[in-house]
1. In the set K41, K75, K2, K16, which member is among the charged types (D, E, K, R), closer than 24 Å to A157 by Cα and out of contact with any Pro (no Cβ under 8 Å at 6 or more places or on another chain)?
2. Could you check region 53-70 and list, in sequence order, the residues that are of a type in the set (A, V, I, L, M) and over 18 Å from L83 (Cβ atoms)?
3. Working only within region 131-147, note down all residues that are part of a loop (DSSP other than H, G, I, E, B) and without any contact (Cβ under 8 Å) to a residue 24 or more places away in the chain.
4. Can you tell me which residue within region 1-12, out of those that are farther than 16 Å from R59 by Cβ and more than 9 Å from the chain's Cα centre (by Cα), is surrounded by the fewest Cβ atoms within 10 Å (Cβ to Cβ)?
5. Can you pull out every residue in region 70-89 that is without any contact (Cβ under 8 Å) to a residue 40 or more places away in the chain and either surrounded by 15 or more Cβ atoms within 10 Å (Cβ to Cβ) or aromatic (F, W, Y) (or both)?
Amino acid sequence: MKGLVVYHTRYGNCRKIAEIRAKGLEDAGLEVELVSSDARKIADDFDFIAVGSGTRMGRMTGGIKRFIRRGIKKKSWSGKPFLAFGTGVRPEGSGSRYDDWSVRGALRIHEALEAKGLEPTGGAAKFFVQGQEGPLEDGEEERAFQLGLDTGRLLSAAG
């Protein structure tokens, strides 16, 4: 199977997660191409896609929003598996309506890809950074790799 991992990053944290998830997918035996959301032309001959961004004001970044709107053609991507991921600051406290506000970008990506007719391989994966600019919290890189590997095995078995 051949997949595309697309990311948008401001401080480099989401790029790092994208690279690590791509490595996990590759270690599971999949072919993966990694690109920034700024890429002008994306082929649609991929079997699956992973899309991620940082979270800005509880939303996916504008770069990823534009990529999904322009780069994902419903006809050619419909029914294909996807992974959604995002980075953000760990919510403080519990019970607040803002508990997951800082990582909702991943959820918005998930919703947007489903609306385009793609099929989720699981829930939206959220990775936490220290402060607005990062770095990633301890253990997040390992978790990203393991999620990539696990998803890659799942896709390999299904494909």
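The values are calculated or read from the model by the stated rules, or taken from the named source; none is laboratory data. All figures in this text were calculated on a predicted structure; none of them were measured in a lab. Positions of Cβ are backbone-derived with ideal geometry, glycine not excepted, and every protein chain shown enters the neighbour counts.
1. K2
2. If the condition is that a residue be of a type in the set (A, V, I, L, M) and over 18 Å from L83 (Cβ atoms), then M57 is the only one that fits.
3. The answer is D138, G139.
4. The selected residue is K2.
5. K80, F82
Here is a yes/no grid of residues against (1) part of a loop (DSSP other than H, G, I, E, B); (2) farther than 18 Å from F145 by Cα; (3) of a type in the set (D, E, K, R); (4) under 15 Å from the mean Cα position of the chain (by Cα):
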site: G24; (1), (2), (3), (4): no, no, no, yes
site: L34; (1), (2), (3), (4): no, no, no, yes
site: I42; (1), (2), (3), (4): yes, yes, no, no
site: G52; (1), (2), (3), (4): no, no, no, yes
site: G63; (1), (2), (3), (4): no, yes, no, yes
site: R66; (1), (2), (3), (4): no, yes, yes, yes
site: R70; (1), (2), (3), (4): no, yes, yes, no
site: K75; (1), (2), (3), (4): no, yes, yes, no
site: G79; (1), (2), (3), (4): yes, yes, no, no
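This table checks each residue for (1) touching a Phe, Trp or Tyr at 6+ places or on another chain (Cβ under 6 Å); (2) buried (at least 19 other Cβ atoms within 10 Å of the Cβ); (3) among the acidic types (D, E); (4) modelled with pLDDT of 90 or more.
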site	(1), (2), (3), (4)
C14	yes, yes, no, yes
I17	yes, yes, no, yes
V35	no, no, no, yes
D47	no, no, yes, yes
V51	no, yes, no, yes
I68	no, yes, no, yes
I109	no, yes, no, yes
